[in-house]
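Just so it is clear, none of the values below were taken in a lab; they were calculated from the coordinates. From a predicted model like this one, the values you see are computed outputs, not experimental measurements. Don't worry about glycine lacking a Cβ; one is built from the backbone with ideal geometry, like all the others, and counts go over all protein chains shown.
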Amino acid sequence: MLIRHRGIEPTVDPTAYIAPTATLVGDVRIGPRVRVMFGAVLDSEASYVEVGEATVISENAVLRATAVAAEPHPVVLGDHVFVGPDTTLLGCHIERCCYLAAQATVLQGAHLGAGSVIAVGALAHAGTVLDPETFVAPMSVAIGSPAKILSSADPDRLGAAIRGVNFAATAFGVDHEWSDRIARYETMTEVRVAEYAAHLDDEPIG
């Protein structure tokens, strides 16, 4: 399904394939020979999503841009990127020939160099920069610039690294103390409620 959002409709190269149950919302730009499979959602919000040539977006993947923080975070995928099933890409830049396995996650402001791999269940956190051909092992977390790759089996070290990212500011434009979680999450939710209100005026195309 193609949806006009904020007055902008998706553009799809005629050689691309969009599955009948995939959803493209707003300023989504699909390049030549792209394959967007069943259940995938590509949502531009007030920014944009751009998908390069011969990139594959597998079933139930979510690609969502945002423009609520200090700088917009589009989702930009280069050519020949593979996005696995149930993968989440939020406001990030993925260079050519990256491989994102099933249930991988890449957060706002992250930049993956060409040929990088985010293995099954792994995460590239907000603002992370990966050198070309970096491998992030299954269930691990890449964080920082230059990136460190940390194990989820070391929660103290991982928690300290995440505190230093200031994810709430990067992704939501929200600045609260790390320990003030209730206030932080309440404000973050209100930011998304306001952002997503624009969908009340969405128009399905065709």
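Observations on the structure shown:
- The stretch 1-135, dipole about Cα centre (Lys/Arg Cβ +1, Asp/Glu Cβ -1), debye to the nearest 20: 220
- Local net charge near Val141, Cβ-Cβ under 15 Å (Lys/Arg +1, Asp/Glu -1): +1
- Segment Lys148-Glu186, length gained on full extension (0.36 nm per residue, minus Cα span): 10.7 nm
- Summing +1 for each Lys or Arg and -1 for each Asp or Glu among the other residues whose beta-carbon sits under 10 angstrom from that of Phe172 gives -1.
- Sorted by Cβ neighbour density within 10 Å, fewest at the top, the residues Ile205, Ile149, Ile94, Ile30: Ile205, Ile149, Ile30, Ile94
- Residue by residue, the stretch 161-171 carries 3J(HN,Hα) couplings of 5, 5, 4, x, 7, 6, 4, 4, 6, 5, 8 Hz when phi is fed to the Karplus relation 6.51 cos²θ - 1.76 cosθ + 1.60 (θ = phi - 60°); x denotes Gly or Pro.
- In order along the stretch 88-99, the phi-based Karplus estimate (6.51 cos²θ - 1.76 cosθ + 1.60, θ = phi - 60°) of 3J(HN,Hα) comes to 10, 10, 10, x, 10, 10, 10, 6, 4, 6, 7, 10 Hz; Gly and Pro are listed as x.
- Projecting the Cα atoms of Cys97, Val193, His125 onto the charge dipole of the chain, computed from C-beta unit charges around the Cα centre, puts Cys97 farthest toward the positive end.
- In the chain, helices alone account for a calculated mean residue ellipticity at 222 nm of -4500 deg cm²/dmol, with every DSSP H run of four or more residues adding -39,500 (n - 2.57).
- Taking Cβ atoms as reference points and 9 Å as the exclusive limit, the residues near Gly113 contribute a net charge of -3, counting Lys and Arg as +1 and Asp and Glu as -1.
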